[in-house]
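The values are calculated or read from the model by the stated rules, or taken from the named source; none is laboratory data. All values derive from a computational prediction rather than experimental measurement. When we count neighbours, we look across all protein chains shown, and the Cβ atoms used for this are built from the backbone with ideal geometry, even at glycine. Please note that ligands, DNA and RNA were not included when accessible areas were found on the heavy atoms of the full protein model with its side chains. Shrake-Rupley method; radii C 1.70, N 1.55, O 1.52, S 1.80 Å.
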Amino acid sequence: GYRGYPARFSDPVNKSTTKLIWGIILFGLLAIGLFIAYLNISSKTNELNKEVNRLKREVFQLNLQLKSIQEMQNIVQSPNVFAINLTGTKLNKSGFGKLFIDSAKGIGYIQLGQMPGILEDETFQLWAKLPGEIKSLGTFHVPDKGGYYSFNIQNLPYDEIINFLITEEPASGSAYPGNKVCLKGSYNP
């Protein structure tokens with residue numbers, strides 16, 4: 001009978017079920033490991049992409065600064081350039097700046113320092129106050145460290161006294177200067 005078989009022989013159906021269960025467990029562990037590896041690589045890839053984008057923005061900013069410095073050097077070396085010192089007002093006593101204007105080319109640069117902090121929805125605006133009129137020469141959103149900013153000159157008469165003002169204005173600029181005058185200076189022919 002059946003009792004005569006030795007114990008070392010086992011049921012073949014039970015043995016293949018055990019192998020199947022172990023196979024499913026190993027496959028599940030492998031799938032979990034691959035999923036964790038995918039998440040890890042994906043996270044590192046996203047971090048690297050963010051770093052690459054940040055570096056691209058930094059290179060773009062540095063190129064703009066280099067171009068600005070080269071243009072500034074060309075203006076300063078031109079024979080038609082004059083500089084106007086800007087001084088702080090009651091609103092910004094420690095502020096200062098310089099206007100470099102090339103009357104022949106119709107361009108200028110402004111250097112600002114120690115400007116008050118402004119909100120994102122505000123800007124600084126440069127004005128030329130002439131006898132009988134006021135002209136806007138441009139807007140600048142100045143970081144705390146200051147810097148150089150270019151502007152175009154709209155046919156200013158250099159044979160008259162010109163007063164320059166820098167005011168705080170809304171981000172889109174203003175048609176007329178507001179009450180918050182940060183810097184002022186004048187050109188006397």
Cβ pairs under 7 Å, 6+ apart or interchain, first in the stretch 89-100 and in contact (Cβ under 8 Å) with a residue 40 or more places away in the chain, second open to solvent by 70 Å² or more (accessible area, probe 1.4 Å) and of a type in the set (D, E, K, R), ordered by first then second residue, are THR89/LYS184; LEU91/LYS180
Among (1) within 17 Å of LYS90 (Cα to Cα); (2) assigned to a loop (DSSP other than H, G, I, E, B), where does GLY185 come up short? (2)
Between a residue in the stretch 70-87 that is within 16 Å of SER150 (Cα to Cα) and any residue that is in a loop (DSSP other than H, G, I, E, B) and not acidic (Asp, Glu), which pairs come within a Cβ distance under 6 Å, given they are 6 or more apart or on different chains? none
Kindly list the number of the only condition in (1) part of a strand (DSSP E or B); (2) over 17 Å from the mean Cα position of the chain (by Cα) that fails for THR139. (2)
Are there any pairs with C-beta distances below 6 angstrom linking a residue in the stretch 102-114 that is among the acidic types (Asp, Glu) to a residue that is open to solvent by 60 Å² or more (accessible area, probe 1.4 Å), with the two at least 6 apart or on different chains, and if so which? ASP102/ASN80
Only one of LYS19, LYS56, LYS50, LYS44 is part of a helix (DSSP H, G or I) and modelled with pLDDT under 90, namely LYS19
Please indicate, with yes or no, whether at least one residue in the stretch 98-114 is in a loop (DSSP other than H, G, I, E, B), among the aliphatic types (A, V, I, L, M) and open to solvent by 40 Å² or more (accessible area, probe 1.4 Å). yes
